[in-house]
Amino acid sequence: MASVALSEAEKVYIVHGVQEDLRVDGRSCEDYRSVEVETDVVSNTSGSARVKLGHTDILVGVKAEMGTPKLEKPSEGYLEFFVDCSANATPEFEGRGGDDLGTEIANTLYRIFNNKSSVDLKSLCISPREHCWVLYVDVLLLECGGNLFDAISIAVKAALFNTRIPRVRVLEDEEGSKDIELSDDPYDCIRLSVENVPCIVTLCKIGYRHVVDATLQEEACSLASLLVSVTSKGVVTCMRKVGKGSLDPESIFEMMETSKRVGKVLHTSLQSILHKEESLGPKRQKVGFLG
């Protein structure tokens, strides 16, 4: 993961500020930086989104392709995650430097979505044991400015909200063989319900307090962080500790309560933005990569 070098004086300044609930950029411990969300930014995908959280820049594309259901879940479709850490994001990702981080993020996303309530996978089934939709979710890290996991989870949820899957019909002839008919109407598609898709809230322990949406400088002052996957109703679906430091049970409980509170506000704001952007229709002004 991208890191910065700080002097002892800088670390003391940041840590003392956090204890007083005043961070370097003026935020309190539970405030996010400004989040920019734009959907439908990649034309050759089923759904896409770009999220900028401070100096963290994430692009997500979703591609729906027909496949065969897994043996253990014959009546469900499934999601596949791939994370690419661009060398432009930080020099540390040059060569194969970002592979370990990409695998770590992909495994975290699998854990979050390995939950029946996150996405209705049965709606992706076309014909049990034979055909289903497979959603390939490609995540590209364009710039690293701290708090990667939160930004990626927001971008994935926005891209799934934007995803449109063609409607298909299964036709059976007299001999019993099945044919799949794809609708010719580009607007005849199915949408995924993302209401229960969780977002990650990362809490970094700095001194005796914890902060959300940490910058690279704040992450350098933290020895342990807690990644909490929270739904729009404030339900915790997954937790993971990262970092070399330790967390006592009381701190973990406090961080969970903070994540529930912050997560519900995050979901409400994200849903409002997504619905507002969609209401503008195809005539809305797109920013894309030149904005």
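The values are calculated or read from the model by the stated rules, or taken from the named source; none is laboratory data. These numbers come from a predicted model, not from an experiment. Cβ: placed from backbone, ideal geometry, glycine included. Neighbour counts: every protein chain shown. Surface areas here come from the heavy atoms of the whole protein model, side chains and all, with no ligands, DNA or RNA. Shrake-Rupley method; radii C 1.70, N 1.55, O 1.52, S 1.80 Å.
Points to keep in mind about this one:
- Descending by average beta-carbon neighbour count within 10 Å, the peptides 160-170, 240-250 line up as 160-170, 240-250, the highest first.
- Positive end of the dipole of the chain (Cβ unit charges, origin at the Cα centre): among PHE82, VAL197, LEU124, the Cα lying farthest that way belongs to VAL197.
- FRET E, pair HIS275, LEU6, Förster distance 35 Å, beta-carbon r, rounded to 0.05: 0.30
- Computed Kirkwood radius, in angstrom, where 1/r is averaged over Cα pairs of region 41-134: 15.2
- Shape category assigned to region 7-76 from the gyration tensor of Cα positions, a/c cut at 1.5: prolate
- Relative contact order for region 93-231, counting Cα pairs under 8 Å that sit 6 or more residues apart, in percent: 23
- Set of lysines with alpha-carbon distance to LYS122 below 29 Å, sequence-local pairs under 8 removed: LYS63, LYS70, LYS73, LYS157, LYS178, LYS233, LYS260, LYS264, LYS276
- ³J(HN,Hα) computed for each position of region 222-238 - Karplus, 6.51 cos²θ - 1.76 cosθ + 1.60, integer Hz, glycine/proline x: 9, 9, 8, 9, 10, 8, 10, 8, 10, 8, 5, 8, x, 8, 7, 9, 6
- Kirkwood radius for region 175-269, taken over all pairs of different Cα atoms as the inverse mean of 1/r, rounds to 15.8 Å.
- The listed residues ARG261, ARG209 rank as ARG261, ARG209 when sorted by accessible area, largest first, using a 1.4 Å probe.
- 10 Å-binned pair-distance histogram of region 215-273 (Cα, whole percent): 21, 45, 30, 4
- Here the chain is treated with +1 on each Lys and Arg Cβ and -1 on each Asp and Glu Cβ, and its dipole about the Cα centre works out to around 640 debye.
- Overall form of region 1-46 per C-alpha gyration tensor (a/c, 1.5; a/b vs b/c): oblate
- Backbone HN-Hα couplings from phi across region 68-78 [Karplus 6.51/-1.76/1.60, Hz, Gly and Pro as x]: 10, x, 5, 4, 6, 9, x, 10, 9, x, 7
- Grouping the Cα pair distances of the chain into 10 Å bins from zero gives a pair-distance distribution of 6, 26, 33, 21, 9, 3, 1, 0 percent in increasing distance order.
- Helical runs (DSSP H, four residues minimum) scored at -39500 (n - 2.57) apiece and divided by the length of the chain put the mean residue ellipticity at 222 nm at -9000 deg cm²/dmol.
- Within the accessible area of the chain, the carbon and sulfur atoms contribute 51%, probe 1.4 Å, all protein chains present.
- Length added when fully stretched, VAL265-VAL236, from 0.36 nm per residue minus Cα-Cα: 9.0 nm
- Across region 15-32, coupling constants 3J(HN,Hα) worked out from phi with the 6.51/-1.76/1.60 Karplus curve, θ = phi - 60°, read 4, 5, x, 5, 4, 9, 6, 9, 8, 4, 8, x, 7, 8, 5, 10, 9, 8 Hz, and Gly and Pro carry x.
- With contacts taken as Cα pairs under 8 Å and at least 6 residues apart, region 169-246 reaches a relative contact order of 22 percent.
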